[in-house]
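Working notes, structure below.
The values are calculated or read from the model by the stated rules, or taken from the named source; none is laboratory data. Since the structure is predicted, the reported quantities are computational estimates derived from the model, not experimental observations. Positions of Cβ are backbone-derived with ideal geometry, glycine not excepted, and every protein chain shown enters the neighbour counts.
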Amino acid sequence: MTRRGFVPRLVRGLSLTAWFVGAIVLFAGVVVPPILTRDAVLAQRVIVDKAAADLFGDGEPALTPIGSPQRYLIRDNRAFLPRTGPDGLRYLDEAYLQRTGEYPWQAQTVTWAGRTAVQGAGILLVLGGLGLVFVRRGDRATIARG
Amino acid sequence: MKQTSVFAFALATGLMTSALAQTKTFTIVGEQLQMRNLAAVESVTDFETFTGKTTGVTGSFKFDATKKLGSGTIVVDVKGIDTGIPLRNEHMLSPTWLNAARNPTITFTSRTVKHLSGDNYRVIGTLTLNGKTRPVTTNVRVRYRAAGPASKEAGFNGDVILVSTSFPVKLTDFGVNVAQGRGKVANEVTLSLNAYAVAK
């Protein structure tokens, strides 16, 4: 029969907690991002420039790009302009986003968060495992001393 | 001999004056007209690709639409740059980043301009950011419209040019400590400028 001290019990408790939390975080980090990003749309934020069309006879208002195309998580379809670009690129109306105060999330940010969660979960699982090994060795030492 | 020299000098001056007479001074217009001047800076990292933008763009150009010659300066108001997140804007303007209180503007000035083809020019100039000046070489597109019904329809009262350019900038070259961003701000960002200017 082994004697349980306070420290081994504490370490065992923390280790099991780390494993439990790590498992949840790992699951979330792997499963959640693909679900959140499955409807991400490749879009280019633009400012509609009617002046250029009037001046240079461009046919339809020019679209001044803001940054480069990104995969956005957008629920509000009114943020998109009716027309599309090459390969179906959608255009996000910057004026509409400013009016509604919307700052669209990017798929890459969600993916980054998932990756970070998996790394964090890995650390928790390793620490939890090391803690349990420490406790088991302590138990064996106690048994050996009889 | 002296008369020939005087004549040659007068001829050269006359020709130069004639050339300069085609050169007009264009001033970047303000927001009151229905167009968008835009300065934007894009940072690409694993965490996020974000763009800071402002319509606070001023400056002027000298441009000869016939000879395809020109020069100019574009000034961007740093305090007006909006990255979409107020806290990030606050950090960006702080002394540890762009130090907007001490360096309220970003300035691009041309030194030499070479016409390439169509509306495209190769410009060698300087960029002043965070109080530091570095050389820059970039392609610039200059679209020109003489005063007339089209320019009036667009709300401009004179000849109009639309100047557009985009080039990479290394923030560390301008004394910005990017490491403090912990991977959320790229060292190499893309600066884009788009401005309408009118010659009255």
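May I ask you to say which residue of B:Gly52, B:Gly118 is closer than 20 Å to B:Ile161 by Cβ and of a type in the set (Gly, Ala, Ser)?
B:Gly118
Could you run through region A:57-88 and say how many residues are within 23 Å of B:Ala39 (Cβ to Cβ), within 14 Å of chain B (Cβ to nearest Cβ) and more than 23 Å from the chain's Cα centre (by Cα)?
Residues flagged as within 23 Å of B:Ala39 (Cβ to Cβ), within 14 Å of chain B (Cβ to nearest Cβ) and more than 23 Å from the chain's Cα centre (by Cα) within region A:57-88 amount to 7.
From the set of residues in region B:126-161 that are without any contact (Cβ under 8 Å) to a residue 40 or more places away in the chain and among the basic types (Lys, Arg), which is surrounded by the fewest Cβ atoms within 10 Å (Cβ to Cβ)?
The residue in question is B:Lys152.
Among the residues of region A:96-125, what is the count of those that are in contact with a helix residue (DSSP H, G or I) (Cβ under 9 Å, 6 or more places away or on another chain) and under 14 Å from A:Phe80 (Cα atoms)?
6
List pairs: first residue in region A:94-113 and at the interface with chain B (Cβ under 9 Å from one of its Cβ atoms), second residue small (Gly, Ala, Ser) and in a helix (DSSP H, G or I) anywhere in the structure, Cβ distance under 7 angstrom, at least six positions apart or on different chains.
Here the result reads A:Leu97/A:Ala79, each pair linking region A:94-113 to a residue that is small (Gly, Ala, Ser) and in a helix (DSSP H, G or I).
Check whether at least one residue in region A:93-114 is in a strand (DSSP E or B), over 21 Å from the mean Cα position of the chain (by Cα) and not aromatic (Phe, Trp, Tyr), and report yes or no.
Within region A:93-114 (the criterion being in a strand (DSSP E or B), over 21 Å from the mean Cα position of the chain (by Cα) and not aromatic (Phe, Trp, Tyr)), the answer is yes, since at least one residue qualifies.
Which condition number in (1) free of Cβ contacts under 8 Å to residues at least 12 places away in the same chain; (2) closer than 28 Å to A:Pro34 by Cβ is the one that A:Gly122 fails?
(1) is the only condition that A:Gly122 fails.
Give me the residue from region A:31-47 that is touching a strand residue (DSSP E or B) at 6+ places or on another chain (Cβ under 6 Å) and of a type outside the set (Lys, Arg) and, out of that set, nearest to the other protein chains (Cβ to nearest Cβ).
The qualifying residue nearest to the other protein chains (Cβ to nearest Cβ) is A:Ile47.
Of A:Val25, A:Val32, A:Val7, A:Val21, which residue is over 30 Å from B:Leu38 (Cβ atoms), exposed (fewer than 15 other Cβ atoms within 10 Å of the Cβ) and modelled with pLDDT of 90 or more?
A:Val32
Give the residues of region B:70-97 that are part of a loop (DSSP other than H, G, I, E, B), surrounded by fewer than 16 Cβ atoms within 10 Å (Cβ to Cβ) and not hydroxyl-bearing (Ser, Thr, Tyr), sorted by residue number.
The answer is B:Ile85, B:Pro95.
Does B:Thr54 qualify as being out of contact with any strand residue (DSSP E or B) (no Cβ under 9 Å at 6 or more places or on another chain), surrounded by fewer than 19 Cβ atoms within 10 Å (Cβ to Cβ) and within 14 Å of chain A (Cβ to nearest Cβ)?
no
Could you please give the count of residues in region B:162-199 that are more than 13 Å from chain A (Cβ to nearest Cβ) and in contact (Cβ under 8 Å) with a residue 60 or more places away in the chain?
Selection size over region B:162-199: 6.
Taking the condition within 30 Å of A:Phe6 (Cβ to Cβ) and either touching a Leu at 6+ places or on another chain (Cβ under 9 Å) or small (Gly, Ala, Ser) (or both), does A:Gly101 pass?
no
With A:Arg71, A:Arg78, A:Arg9 as the choices, which residue is more than 30 Å from B:Gly148 (Cα to Cα), touching a Leu at 6+ places or on another chain (Cβ under 6 Å) and not in a loop (DSSP other than H, G, I, E, B)?
A:Arg71
The rows are residues; the columns are (1) at pLDDT 95 or above; (2) farther than 30 Å from A:Trp19 by Cα; (3) among the charged types (D, E, K, R).
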{"position": "A:Asp49", "(1), (2), (3)": "no, yes, yes"}
{"position": "A:Ile74", "(1), (2), (3)": "no, yes, no"}
{"position": "A:Pro82", "(1), (2), (3)": "no, yes, no"}
{"position": "A:Leu127", "(1), (2), (3)": "no, no, no"}
